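The values are calculated or read from the model by the stated rules, or taken from the named source; none is laboratory data. Being a predicted model, the structure only gives us computed values, none of them experimental. Here Cβ is always computed from backbone atoms with ideal geometry, including for glycine, and neighbour counts include all displayed protein chains.
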Amino acid sequence: MPEKRKHIKKILIANRGEIALRVQRTARRMGIATVAVYSNADREAAFVKQAGTSILLEGNQLSETYLNIEKIIAIAQQTGADTIHPGYGFLSESPGFADACEKTGLIFIGPDAAAMKAMGNKIAARETAVKAGIPVIPGITGAVSALLSNYQSIGFPLLVKAAAGGGGKGMRIVYSEAEIQTALEATAREAQNYFGDSTIYIEKYIAHPRHIEVQVLGDHQGNIIHLYERECSLQRRHQKIIEEAPSPTLDPATRQQICNAAVQLAKSIGYYNAGTMEFLADERLNFYFLEMNTRIQVEHPVTELTTGIDIVEQQIKIAAGEALQYKQEDIQQQGHAIECRIYAEDPAQGFLPSPGLIKYYEEPAFNQGTTIRIDGMQLQNGDTISGDFDPMISKLIVSAATRDEAREAMLLALHQYHIKGIKTNIEFLTSLMQLPDYIHNNISTKYIDDHLDKINSYIEQKRTEADITVPLSAALIKSFDNAPIQQKNIWHHIGYWRHIKITDIIVNGKTVSIELIKHGYLQSVFILNNKRYEAELIHKGNIHYTLMQDGTLHELSIYEIRPGSYEITCQEGTHLITRPDIFYVDAAIFTAADAINNKTGAIVSPMPGKVISVNIKPGDSVKKGQVLLIVEAMKMENNIVCNRDAIVEEILVKEGDKVDTSSRLVKLSEP
């Protein structure tokens, strides 16, 4: 703890991606130089290019790069950095890192190691909360063997967690005795892999909880305040994807109680810098302490937009020894803010990670009357989303006077966010924003897991009910417009008049037949279901167009996946339109199709990743649904299960191997 105020001149940011850029932004405004450290995978990233100094962390494993305490501190000393900001994740909650910084005379932007030990481990945090008089959920801890003997005292359903975990990693819900042993062993393994600590514990599972968290700030002089609460109840795989402030669930009395409890708990351990107390609230608004994150949170922007306080700036000032410039009565919540996490994943396939090449990237524009903010990696066309890290691409944040106005602003922003070439959750988030359950706040942390089929069906229903002639017209006209402008001739402008031609078009996987009457430069006339349509396409720039169809204007985007195949996004959603008469060979499609052909007897990975466990050996008899291997992708474990009863003929990979969707993992034969 500094005894007097220190002047911070240069900050090394021991992190990557959007949080590194976020810290750089505030540091620049404060006149502080920055140092970036990066791995080979991030060599061309924006955070590397925008730092004052950038140093490569050599190596291919996280233990050699972003988790290498000795190397990071050596770089700080080498570059003249006097301060380290850990961001979130990686080393941000490592007591060893905080201690190492202190021993080498570096200022660590965060709490001391003692606070991390008290609150970073869930078991220790529970004990601290109990001593401070804060309610906690009943639970037990121990080795896997001990927990197998004592879990009955908690009762089902129960939650198995990694003690040193965070971000939903190392967490499973168990509903019956048949699942308990597998869940405990898998959680212990994940805990060791992700956090270097296999300690786990079990707690009572609340059926329909709300996730409420309180942002706190404390200085070295003993002052602690809260910046009110955020609600983060919409989660998938125990990871938040939508956060908002203030919570639409709490009443004023409960809000005051939960915020006071957060401050009381922080004071009990002499906490300083930024931290977040996380609580679960049941349907009667009884709340229970869950854990504390002793770092800045991913979702901190919603608090910044509703309080007007730059939390990173406060972190830096506190680390320099400054007293808080705010008193509790100075803090007011204004308006409503919503954050959506944009992920490279496929919600229709159980949120499978979707790393790969971004072929088109465009962020939403400013919306009048609202604030829009994007904390991202500043991606561009041609950038690659690596499978080595978390699949989050960016955070899209909006604020407005009311929750409903913020929701409408978010819908518009999501509609304007275009990422092509990989799967994303943008359409999924758009649908969530429109669901009556979200609008009326009838949600819980289980909502997405319990209603995933309903949400995906809602997306398909919107597509089915939409007027398909709009995307069909746009794709049809675009398909006739592949020649360069200088090659256009008079016939492109007046159109080709021919005998009526019957043409098949595939719309969202279904074939429809149209009678093509006329097509020309950016215009077309056709008949569908005995109705005549006349359409003209006006290019507005990039992938944006206005379609004039039968006197009505429609704003839409057209992304050409390949010749004759188009992704059309309009107000009603995204549609895939294909002209099967336009011949195009995609070698990747045939490679993948061959690899997953059941007739080959092969099992393949549904996503690129790394094999972390092989549960079988040649000659084993396996049953349909049995877990054969576990592939880790973007920090998630994915069970590769057997698709039928069979005999394991050959295992084609080993633990540690990197695989993609064309890699054969196991060869099976008939039993």
For this session: Please verify whether region 383-391 includes one or more residues that are without any contact (Cβ under 8 Å) to a residue 12 or more places away in the chain and within 23 Å of Phe47 (Cβ to Cβ).
Result: no
Exercise. Looking only at region 351-379, which residues are within 16 Å of the chain's Cα centre (by Cα), small (Gly, Ala, Ser) and at pLDDT below 95?
Worked result: Ser354, Gly356
For this session: Report yes if some residue within region 445-465 is over 29 Å from Asp550 (Cα atoms) and in a loop (DSSP other than H, G, I, E, B); otherwise report no.
Result: yes
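Would you tally the residues in region 349-406 being more than 23 Å from Pro246 (Cβ to Cβ) and of a type in the set (Asp, Glu)?
At the first step, the residues of region 349-406 found to be more than 23 Å from Pro246 (Cβ to Cβ) are 349-366, 368, 376-394.
Now narrow it down to the ones that are of a type in the set (Asp, Glu): 362-363, 383, 388, 390.
Matching residues across region 349-406 total 5.
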For this session: Filter region 98-126 for residues that are among the β-branched types (Val, Ile, Thr), assigned to a helix (DSSP H, G or I) and touching a Lys or Arg at 6+ places or on another chain (Cβ under 8 Å) and give the result.
Result: none
Problem set entry | Any hit, region 127-143, residues being charged (D, E, K, R) and assigned to a loop (DSSP other than H, G, I, E, B) | no
Problem set entry | Number of positions in region 336-378 that are of a type outside the set (Ser, Thr, Tyr), surrounded by fewer than 20 Cβ atoms within 10 Å (Cβ to Cβ) and outside any strand (DSSP E or B) | 13
Problem set entry | Residue identified as more than 27 Å from Pro246 (Cα to Cα), of a type outside the set (Val, Ile, Thr), outside any strand (DSSP E or B) and without any contact (Cβ under 8 Å) to a residue 24 or more places away in the chain among Glu179, Glu185, Glu190 | Glu179
Exercise. Of the conditions (1) farther than 20 Å from Tyr88 by Cβ; (2) in a strand (DSSP E or B), Glu283 fails just one. Which one is it?
Worked result: (2)
For this session: Scan region 304-341 for residues that are in contact with a Lys or Arg (Cβ under 6 Å, 6 or more places away or on another chain) and of a type in the set (A, V, I, L, M) and report the count.
Result: 1
For this session: Show the residue pairs that are 6+ apart or on different chains and have beta-carbon atoms under 9 Å apart, the first residue being within region 56-81 and in a helix (DSSP H, G or I) and at pLDDT below 95, the second being of a type in the set (Asp, Glu) and surrounded by 15 or more Cβ atoms within 10 Å (Cβ to Cβ).
Result: Leu62/Asp388
Seminar exercise, completed: Of the conditions (1) of a type in the set (A, V, I, L, M); (2) buried (at least 19 other Cβ atoms within 10 Å of the Cβ); (3) at pLDDT 95 or above, the single one that Ala129 does not satisfy is (3)
Problem set entry | region 1-59, subset among the hydroxyl-bearing types (Ser, Thr, Tyr) and within 24 Å of Arg341 (Cα to Cα), residue surrounded by the fewest Cβ atoms within 10 Å (Cβ to Cβ) | Thr26
Problem set entry | Test result for Glu18, in contact (Cβ under 8 Å) with a residue 60 or more places away in the chain, part of a loop (DSSP other than H, G, I, E, B) and not β-branched (Val, Ile, Thr) | no
Exercise. Among the residues of region 374-388, how many are out of contact with any helix residue (DSSP H, G or I) (no Cβ under 7 Å at 6 or more places or on another chain) and under 28 Å from Asn193 (Cα atoms)?
Worked result: 3
For this session: Quick one: in region 604-628, of everything that is modelled with pLDDT of 90 or more and crowded, with 20+ Cβ neighbours inside 10 Å, which residue is nearest to Gln349 (Cα to Cα)?
Result: Leu628
Seminar exercise, completed: Picking from Gln297, Gln333, Gln314, the residue that is under 30 Å from Arg126 (Cβ atoms), outside any loop (DSSP other than H, G, I, E, B) and in contact (Cβ under 8 Å) with a residue 12 or more places away in the chain would be Gln314
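Conditions tested, residue by residue: (1) assigned by TED's automatic domain parsing to the domain that holds Lys161; (2) under 26 Å from Ile397 (Cβ atoms); (3) surrounded by 20 or more Cβ atoms within 10 Å (Cβ to Cβ); (4) hydroxyl-bearing (Ser, Thr, Tyr).
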| position | (1), (2), (3), (4) |
| --- | --- |
| Gln221 | no, no, no, no |
| Leu227 | no, yes, yes, no |
| Ala245 | no, yes, yes, no |
| Gln256 | no, yes, no, no |
| Cys259 | no, yes, yes, no |
| Gln264 | no, no, no, no |
| Ile269 | no, no, yes, no |
Seminar exercise, completed: The condition from (1) surrounded by fewer than 21 Cβ atoms within 10 Å (Cβ to Cβ); (2) assigned by TED's automatic domain parsing to the domain that holds Asp42 that Ala146 misses is numbered (2)
Exercise. What number of residues within region 500-510 are of a type in the set (Val, Ile, Thr), over 13 Å from Thr469 (Cα atoms) and either at pLDDT 90 or above or surrounded by 15 or more Cβ atoms within 10 Å (Cβ to Cβ) (or both)?
Worked result: 1
